[in-house]
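Down below is the structure, laid out as structure tokens.
Each reported figure results from applying straightforward, stated rules to the coordinates on display, with no laboratory input. The structure presented is a predicted model; accordingly, all values stated were derived computationally and were not measured. When we count neighbours, we look across all protein chains shown, and the Cβ atoms used for this are built from the backbone with ideal geometry, even at glycine.
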Amino acid sequence: MSVERVRGSGGTQSPVTLVDSHCHLADEAFEKDLPSVVARATAAGVGAALCILSADEPAEIDRARQVSAAWPALRFAAGVHPHRAAAYAGRPADAARVAKEAARLSSAVAIGEIGLDYHYDFAPRDVQQAVFTAQIEAAVESGTPVVIHTREASADTFSILASAGRGLVRGVMHCFSGTADEAAQALALGFHISFSGILTFPKAGALRDVARTIPEDRLLVETDAPFLAPVPYRGRRNEPAWVAATLDALAACRGVPLDVMAAAVVRNFDSLFPVR
Ligand SMILES: [Zn+2]
Ligand SMILES: [Zn+2]
């Protein structure tokens, strides 16, 4: 089913309302044509999105102001990404401080993306863990939800979420591409699961099987734009308008009408990331 099909018989109604729970619109990839990217998102019915900011990149924090002016419905999250953790070796509290300051500057509704990435290992693992832990503790302190990036690191991610989170932190496993068992662990911690364009890939049958098992009130969808464009846009710069393709795949694999799926995802987004 496509977005067209739920537009109704009049043909002129706006499409179903969507959200993009994770995009990087303050990335320099969008610097030249941001207004048209926002216009296409709005035309596709994307009523809100969460823009992830790299807390320790001043140029990106600066661009966030322009992005916010171009799209007032946008919400922000800020955090020190695991790829950048090496700079905080021996001083993880500074990463938490930088994340909190960027969150304050951008009126962020979440801390993130934060986590562990053992695929690229750009920072030593013990440093990644310390930086992640410090930011989880900061999120618990301020009662802020978190956006988690985890790659080939699920056991350590869950153990840090459980210990540093103390059962008090909510959030989302962004760009989820794990197993049913990993999804169950995230759900048990009270987390949401966000699917990206990977869900639309022909070879992602196992992931679609997992997507069928997630309770409706824990589901989110995202683009991770400018990365990971869904079918049929693969290989191109991704953008929030294309979250519709991932929502389409999610509704289709769960066998529910697109408008029902969209309403659930919008509800979940507003409940996890309320405007502060
Ligand atoms: Zn990520
Ligand atoms: Zn991201």
Projecting the Cα atoms of S154, A252, L74 onto the charge dipole of the chain, where Lys and Arg contribute +1 and Asp and Glu -1 at Cβ, the residue farthest towards the positive end is A252
Scaled by the rule-of-thumb 2.2 N^0.38 Å, the alpha carbon Rg for segment 16-112 gives a ratio of 1.12
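Net charge near F227, counting Lys/Arg +1 and Asp/Glu -1 over other residues with Cβ under 14 Å of its Cβ?
On the way: positive: R151, R234, R236, R237; negative: D20, D27, E28, E113, D117, E222, D224, E239.
Neighbour charge sum, excluding F227 itself: -4.
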So the pair-distance distribution of the chain, from every Cα-Cα distance in 10 Å bins, comes to percents of 7, 31, 38, 20, 3, 0, 0
Quick shape check on segment 126-249: root eigenvalues a ≥ b ≥ c of the Cα gyration tensor, a/c under 1.5 is rounded, otherwise prolate if a/b tops b/c, else oblate, and it reads prolate
Everything considered on the Cα gyration tensor (a ≥ b ≥ c; rounded for a/c under 1.5, else prolate if a/b is larger than b/c, else oblate), segment 30-75 must be described as prolate
Most packed first (mean Cβ within 10 Å per residue), the peptides 60-73, 211-224 order as 211-224, 60-73
Once amide hydrogens are built 1.01 Å from N within the peptide plane, the residues lying 5 or more places from V221 or on another chain with amide H under 5 Å from its amide H are S21, F195
Here segment 137-149 yields Karplus 3J(HN,Hα) values (6.51, -1.76, 1.60; θ = phi - 60°; whole Hz; Gly and Pro given as x) of 4, 5, 5, 4, 4, 9, x, 9, x, 10, 10, 9, 10
HN-Hα couplings for segment 217-230 via Karplus (6.51, -1.76, 1.60; θ = phi - 60°), in whole Hz with x for Gly/Pro, come out as 7, 10, 8, 9, 10, 8, 9, 6, 4, x, 8, 6, 4, x
Karplus ³J(HN,Hα) for segment 117-131 (6.51 cos²θ - 1.76 cosθ + 1.60, θ = phi - 60°; Hz, whole; x = Gly/Pro) runs 10, 8, 7, 8, 6, 5, 10, x, 4, 5, 6, 4, 5, 5, 5
For E113, the residues 5 or more places away or on another chain with a placed amide H closer than 5 Å to its own amide H are L53, G79
Tilt, helix 34-43 to longest principal axis of the chain (alpha-carbon atoms), in degrees rounded to tens, equals 50
With -39,500 (n - 2.57) per DSSP H segment of 4 or more residues and division by the full residue count of the chain, the 222 nm estimate, nearest 500 deg cm²/dmol, is -12500 deg cm²/dmol
